[in-house]
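Let me begin by presenting the structure, written as structure tokens, before commenting on it.
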Amino acid sequence: MTDPRLAHIAELIELKADGQYGLAEINQRQHALQAAALAEKQGCPETLIAAALLHDIGHMVHDLGDNAAENGVDDKHEELGHEFLTSMFGPDVTEPVRLHVAAKRYLCAVEPDYFAKLSKDSIVSLSLQGGPMSPEEIAEFEAVPQYREAVQLRRFDEQAKVKGLQTPPASHFMQYVERVILPAVE
């Protein structure tokens, strides 16, 4: 891994992801690894596996603490993550990251039983993030080419909260990140 951007991403996952993941009994790193493992197990494209690993990187690049939602603050981690990743990846990675919170709002609006699948912290953050989408927001969301991938990422996000689940290490998933990162601009 000679690309310093890859080293920086790996460092964030290894060194900045020890904070508790919301109200779950796992940390940010475990959550990211579980999401990536789910994407890999389902045979998703490398871009979606990378997005699954990186979807919450916005939590690792802000300074609002481990659980801003608990304090009534929407940390907009999806926007921070998107901003952080945009210079390094194309939209097949960055758009699912940007839209994974919107995908929760979308699923709560279009699937009657989805709300019941949310964890306690996802319910708390949902109210801060605008609640279920309106019909106009649904149409706007579905107009984004990567909305299906964002919905799939959201499903992985909700499932990736299992205490004690064994996954491959971050280095295993960094191969996908390395293969989909854009060439460095000199």
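Here, each number is a calculation from the coordinates, and none is a lab measurement. Every value quoted in this text rests on a predicted model; they were computed, and no experiment measured them. Methodologically, a virtual Cβ is constructed for each residue, glycine included, from the backbone with ideal geometry; neighbour enumeration extends over all protein chains shown.
Miscellaneous remarks
- In a reduced charge model with +1 at each Lys and Arg Cβ and -1 at each Asp and Glu Cβ, the chain shows a dipole moment near 520 debye about its Cα centre.
- Of all lysines in the structure, the ones whose alpha carbon falls short of 17 Å from that of LYS76, not counting any fewer than 8 places away in one chain, are LYS104.
- Taking 0.36 nm per residue of separation and subtracting the Cα-Cα distance, full extension of the segment from LYS41 to ASP3 would add 11.0 nm.
- For the chain, calculated [θ]222 nm from helices alone, where every DSSP H run of n ≥ 4 adds -39500 (n - 2.57): -18000 deg cm²/dmol
- Most mobile of PRO145, PRO91, PRO112 in a GNM of the chain (Cα contacts under 10 Å): PRO112
- Local net charge near ILE26, Cβ-Cβ under 9 Å (Lys/Arg +1, Asp/Glu -1): +2
- Computed over segment 99-143, the alpha-carbon pair-distance distribution with 10 angstrom bins reads 31, 59, 11, each value a whole percent.
- Taking a Cβ cut-off of under 13 Å around GLU111, the surrounding Lys, Arg, Asp and Glu residues balance to a net charge of +3, with basic ones at +1 and acidic ones at -1.
- Cα-based Rg / Dmax (Å) for segment 102-186: 16.1, 49
- A Förster radius of 30 Å, combined with the Cβ-Cβ distance separating VAL61 from SER127, puts the computed FRET efficiency at roughly 0.80.
- Once you divide the Cα radius of gyration of the chain by 2.2 N^0.38 Å, the number left is 0.96.
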